[in-house]
Amino acid sequence: MWEIIRLNRRRSALLIGILGSVLVLLGGAIGYYLFPAEPASGIFYGCIIALGVWIFLLLTSMTSGEQILLATAGARQISKQDAPQLYNVVEEMKIASGLPVVPKVYIINSHVPNAFAVGLKPERAAVAVTSGLLSKLNRDELQGVIAHEIGHIANRDTLFMTMAGVTMGAVVILADLFLRGLWFSGGGNRRRSSKGGGQIEMIIFVLTILLAILAPLLSQLLYLATSRKREYLADASAAQFTRYPEGLASALEKISDNQEKNFSKSRTLAPMFIVNPMASWEGTSGLFSTHPPTAERVRILRGMTQGSSLQKYEQAYRSIVKEGLMAPATLKMAKEQGVRKADEKSKESHDPQKNLRQVKDLLHKVDGYGLITCGCGVKLKIPPKFKYSNVRCPKCNRMHDVSVALLAATMAAELAQNKNT
Amino acid sequence: MAFIIVLGILIVLVIWIIGMYNGLVRLRNQVKNAWSQIDVQLKRRHDLIPNLVETAKGYMKHERETFEAITKARSQAVEAQGVAEQGKAEGRLTEALGKFMLVVENYPDLKANQNFLALQEELTTTENKVSFSRQFYNDQVLQFNTRIESVPTNIIANMFGFKQSEFFEIEVATEREVPKVKF
């Protein structure tokens, strides 16, 4: 475990260092290009500005990165009373992984099943799941997914993803600004002013533009190449935590079967989800994919027949991918452990329809919907900004007073929010 | 000159011993901490059982033996002292609970009871938490015991009276048997 974290830290630092150098280099080149009269100070100021942008973005993400990401995904925090099973599973995985505190639990209103984790530090971590995930998975599968997400937190992937994402963002912003500026200013007008060395300047001009075009691509490639390995590692951690690889395997199948186009509104969030919301089942494991193909991940997990330790995952991984995943030191530290039995009871009693109703009720509760149970058994849900003071039951035509139910609901929602923050 | 060298070696030696000692203390505290995590979950399990029995009693009128077995196993588990004894008592409680859950299958009304379902979920999660925290505890114990046994920390451990910790195993006899299914 600690070996993975240490290695991950070193790799992350290296990668972010490289990404940062690309950023500063780009800044320098742009500075040089914009102030040809004084190349030295041009480069200097370019670098300083690039660094400034980077540091500003990093600081922002350090202080409130989790909140920004969760808000982007439209996630809302829930407590144990809202979804006992989900909360229990998170607590179980906290214990299994040895995290210092229980991560906060968020829910996203979407019927497409998916999940992600954020947190620069394990103490500030949070996991978010969609309502679709909650309704479609049984307990063992849910446990597998949560274990995968907690694996990301425990391996410090969430820290890396945030840092690398921010650095990449800075490169993209800088390159974009420069190329746009170039477009509108009509290219190298000021080139003409200097007579000597036109050749060299032309070369630098071309190089700067090339760098501005290539830097975002390059940094993205670097980022993606490492993010795929992290998915496998989180799968391995999940198997180790739950001692039940089949749970995650069948969850991945279900999640992948239910993916739809245009689920995620933002491309930057895509690498953080458990299954890439933008790819299909077989998928291509090309240079530009953040996630390995789900079919392969499932095959590896199902290949772990003799145990659930990191070694067993490594063996299964080698037999399918034909290369190593984890460092020998990590594998030597890991202990052998068996596979536990399936929770047959939860599998039998799992009823997607009923689950869906419960999850919908939960979402309504979080949103502050009022609930009126009519004498005829119909449950009326009143949206928080309902205009009228009375509502008629559609079945038996009885009239109900809305205000009390709505007041109770808003108070409950506010109480829950206050308690959570 | 020689004096300084000897003094230097002594200082290094003392620092080294302090480091080893502190390492042992840290590991011992980790073991203690891991045990307290198990303890919390075991207590929680013991607290859940009376509720479960109360809820089920209204539905299962003719299962006095099952209830008695559970209540007895629970009070034994609550009273058990020491890691090994506690492991055995918890094993018996797990068995009694397993039998109870099999009996529950014959009472569909009970199985549909919201209160009972919530309790069942709590029981499931508590059992899982016990087993996960047990694994965590045993990992810590293994680390601690290995350190105590290996050279040169074993000298320090003997000097300051560090004792090996016990592993926590919940022994369940029924797990090895094939469950009989009756229709």
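The values are calculated or read from the model by the stated rules, or taken from the named source; none is laboratory data. Keep in mind it's a predicted model, so treat the numbers as computed, not measured. Counting neighbours? That spans all protein chains shown, and the Cβs are built from the backbone with ideal geometry, glycine included. Heavy atoms of the whole protein, side chains included, go into the accessibility calculation; ligands, DNA and RNA do not. Shrake-Rupley method; radii C 1.70, N 1.55, O 1.52, S 1.80 Å.
The calculated 222 nm mean residue ellipticity attributable to helices in chain B amounts to -27500 deg cm²/dmol, summing -39500 (n - 2.57) over DSSP H runs of n ≥ 4 and dividing by all residues.
Going from the isolated chain to the complete set of protein chains, the range A:204-252 loses at least 20 Å² of heavy-atom accessible area (1.4 Å probe) at A:Arg243. Per residue, the solvent-accessible area of the range A:367-420 (1.4 Å probe, heavy atoms of protein chains only, all protein chains present) comes to 69 Å².
Modelled spin-label separation between B:Ala84 and B:Asp47, with each label point placed 7 Å from Cα along the Cα-to-Cβ direction: 3.1 nm.
Quick one: how many lysine pairs does the range B:1-104 have with C-alpha atoms less than 23 Å apart and a gap of 8 or more or different chains? Give me the count, please. Step by step, the pairs that qualify in the range B:1-104 add up to 13. In the range A:85-181, with Lys and Arg counted as +1 and Asp and Glu as -1 at Cβ, which of these residues, A:Pro113, A:Met163, A:Ser97, has the Cα nearest the positive end of the dipole, that is, farthest along it? After comparing all options, I get A:Met163. Put simply, when A:133-143, B:138-148 are sorted by average Cβ atoms within 10 angstrom per residue, most first, you get A:133-143, B:138-148. Residues of the range A:71-119 whose accessible area, computed with a 1.4 Å probe over protein heavy atoms, drops by at least 50 Å² once all protein chains are present relative to their chain alone are A:Glu92, A:Ile95. With the highest mean first, a sort of the peptides A:235-247, A:19-31 on other beta-carbon atoms found within 10 angstrom per residue produces A:235-247, A:19-31. Excluding ligands, DNA and RNA and using a 1.4 Å probe, chains A and B jointly bury around 1600 Å² of accessible surface, summed across both partners. One Cα centroid belongs to the range B:105-155, the other to the range A:58-132; the line between them spans 23 Å. Can you give the angle from 0 to 90° between the axis of helix B:64-79 and the longest principal axis of chain B, with both taken from C-alpha atoms, to the nearest 10? Roughly 20 degrees between the two axes. Hydrodynamic estimate: the Kirkwood radius of the range A:20-91 over Cα pairs, inserted into Stokes-Einstein at 4 °C and 1.567 mPa s, corresponds to D of 84 µm²/s. Rolling a 1.4 Å probe over the protein heavy atoms gives the range A:58-147 an accessible area of 29 Å² per residue.
The angle between the Cα long axis of helix B:83-104 and the longest principal axis of the Cα atoms of chain B comes to about 20 degrees, rounded to the nearest 10. Comparing the full protein assembly with the isolated chain (1.4 Å probe, heavy atoms, ligands and nucleic acids excluded), the residues of the range B:95-132 losing at least 50 square angstrom of accessible area are B:Glu121, B:Lys129, B:Phe132. By the rule of a second cysteine Cβ within less than 4.7 angstrom, the protein assembly as shown holds isolated cysteines at A:Cys47. Given R₀ = 45 Å, what would the calculated FRET efficiency be for B:Asn115 paired with A:Ile173, taking r from the Cβ atoms and rounding to 0.05? That gives a FRET efficiency of 0.20. Shape index of the protein assembly as shown: Rg/Rh, with Rg the Cα radius of gyration and Rh the Kirkwood radius from the inverse mean 1/r over Cα pairs, equals 1.05. Atom-type composition of the exposed protein surface of the range A:25-93 places 76 percent of the accessible area on carbon and sulfur (1.4 angstrom probe). Compared with the dominant principal axis of the Cα atoms in chain B, helix B:2-57 is inclined by about 10°.
Of the solvent-accessible surface of the range B:25-116, computed with a 1.4 Å probe and all protein chains present, 50% belongs to carbon and sulfur. Net length available on complete extension from B:Asn106 to B:Leu13 is 26.6 nm, with 0.36 nm assigned per residue and the Cα-Cα distance removed.
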